[in-house]
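Written below as structure tokens is the structure these notes are about.
Any read-out appearing in this document is the output of simple, stated calculations on the displayed coordinates, not a laboratory observation. Keep in mind it's a predicted model, so treat the numbers as computed, not measured. Positions of Cβ are backbone-derived with ideal geometry, glycine not excepted, and every protein chain shown enters the neighbour counts.
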Amino acid sequence: MEVQWLGVEFPRPGPPHRAVGLIFSMLLGAWSAQALEMLVGKIPFLQAVNGSTVMLPCSYASCIGIEDLYFNWQFNDNGTMQKVCDSVIASETSVPKVAIYRERVEFVGMNRANNISILLWNITFEDSGEYTCFGRNPKEKGRNHSAIFHLLVVDELKVVDNTLTIMIASAVGGAIAALMGFMLLKNFTLYVLSKLEERNKECLVTSSGIDNTENGLSGSKADSKPTPKKK
């Protein structure tokens, strides 16, 4: 049903439970926008050589800020989660005191730019697997989030064979160059033909004028002889 007021029709408000549902959805959307997020980068995967040193990236984000943010790194050891390190960040400007539970691990985040990354020294094949960066923010009523980073330790990095890619790119480039050359040659040929056609037209006009002069037609420059008088 519709309600008229000052000649304008307005839709009648729906049942109260619909309005409550709409308000709840809006609040839920606003709450989700403020929720804590743990980020490990756009490419959450790293392949590294045995014996090298790697950094596992992680940062946090929260629209309303943090207060006593708890975070930790965990390693998935064949289904068993082993704690790598953990700490509590009192505020966005404080530097956390991180407890390390695994050898060859160093915390390098220092909370700069919300960074809580760790460094793995002299990695071995046993270090391959999933690393989870977890965070919980009491300021958001204990809202928590986690992100997974994959590490693969190998003997040596394989060189990717780009021969096929280069061949395809060369073929496509050659085809484009040939098409451009054909179009240039076509345009040049049409230009030459148009010039020859214009020249032929000029020659025809000139030849027509000369013929008229030689035949003594009107408009010619030939001397006209007077008509002899009858005796």
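General observations
- Placing a label point 7 Å from the Cα of residue 37 along the Cα-to-Cβ direction, the residues of the range 101-129 with a backbone N closer than 19 Å are 112-117.
- Cα-based Rg and Dmax for the range 34-154, where Dmax is the largest Cα-Cα distance (Å): 14.0, 42
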